Amino acid sequence: MLVIQVCVGSSCFLRGSKNVIAEIENLIEHYQLDDIVTLKGNFCFERCSDGVTVKIGEKVFTKVTGESIVDLFENEVFPAIYGVK
């Protein structure tokens, strides 16, 4: 099971974490990964000045947007669950 965590603290929320979460939900549904990927909110990763923060497995990414999460999903989630890049 791969866990994706999105910061929902006030700074990230104001910078668009709600849009990032919505896009991740869409991607999980589109690729039918409900049984492989778990999406969770996280109150704070203590990177408030770095934009929306997302943790995929053990890797942390900053400045994530609703648009950039698609590439991040393809480049990080697929290799993590399928073992390929």
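The values are calculated or read from the model by the stated rules, or taken from the named source; none is laboratory data. For clarity, every value in this text was computed on a predicted model and none was experimentally measured. With ideal geometry, Cβ positions are generated from the backbone for all residues, glycine too; neighbour counts draw on all protein chains shown.
Which of the numbered conditions does LEU14 fail, given that it passes all the others? Conditions: (1) touching a Cys at 6+ places or on another chain (Cβ under 8 Å); (2) without any contact (Cβ under 8 Å) to a residue 40 or more places away in the chain.
(1)
Table: residues versus (1) out of contact with any helix residue (DSSP H, G or I) (no Cβ under 8 Å at 6 or more places or on another chain); (2) buried (at least 16 other Cβ atoms within 10 Å of the Cβ); (3) not aliphatic (A, V, I, L, M).
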site: LEU2; (1), (2), (3): no, no, no
site: GLN5; (1), (2), (3): yes, yes, yes
site: GLY9; (1), (2), (3): no, yes, yes
site: ALA22; (1), (2), (3): yes, no, no
site: GLU25; (1), (2), (3): yes, no, yes
site: VAL70; (1), (2), (3): no, no, no
site: ASN75; (1), (2), (3): yes, no, yes
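When residues of the stretch 27-61 are filtered for being surrounded by 13 or more Cβ atoms within 10 Å (Cβ to Cβ), touching a residue at least 24 places away in the same chain (Cβ under 8 Å) and not in a helix (DSSP H, G or I), how many remain? Walk me through it before giving the result.
Our first condition is that a residue be surrounded by 13 or more Cβ atoms within 10 Å (Cβ to Cβ); within the stretch 27-61, this holds for 27-28, 31, 33, 36-39, 41-42, 44-45, 47-48, 50-57, 60-61.
Pick out the ones that are also touching a residue at least 24 places away in the same chain (Cβ under 8 Å) and you get 27, 33, 36-39, 41-42, 44-45, 47-48, 51-57.
Remaining after also requiring not in a helix (DSSP H, G or I): 33, 36-39, 41-42, 44-45, 47, 51-57.
Matching residues across the stretch 27-61 total 17.
Of all residues being assigned to a loop (DSSP other than H, G, I, E, B) and among the hydrophobic types (A, V, I, L, M, F, W, C) in the stretch 1-26, which is farthest from VAL77 (Cα to Cα)? Just the residue, please.
VAL8
Go through the stretch 1-13 and give me each residue that's modelled with pLDDT of 95 or more and among the aliphatic types (A, V, I, L, M).
Across the stretch 1-13, the qualifying residues are LEU2, VAL3, ILE4, VAL6, VAL8.
When you check GLY66 against the structure, is it small (Gly, Ala, Ser) and either out of contact with any Asp or Glu (no Cβ under 7 Å at 6 or more places or on another chain) or closer than 12 Å to ILE4 by Cα (or both), yes or no? First the steps, then the outcome.
Details: small (Gly, Ala, Ser): yes; either out of contact with any Asp or Glu (no Cβ under 7 Å at 6 or more places or on another chain) or closer than 12 Å to ILE4 by Cα (or both): no.
Taking the combined requirement at face value, the residue does not satisfy it.
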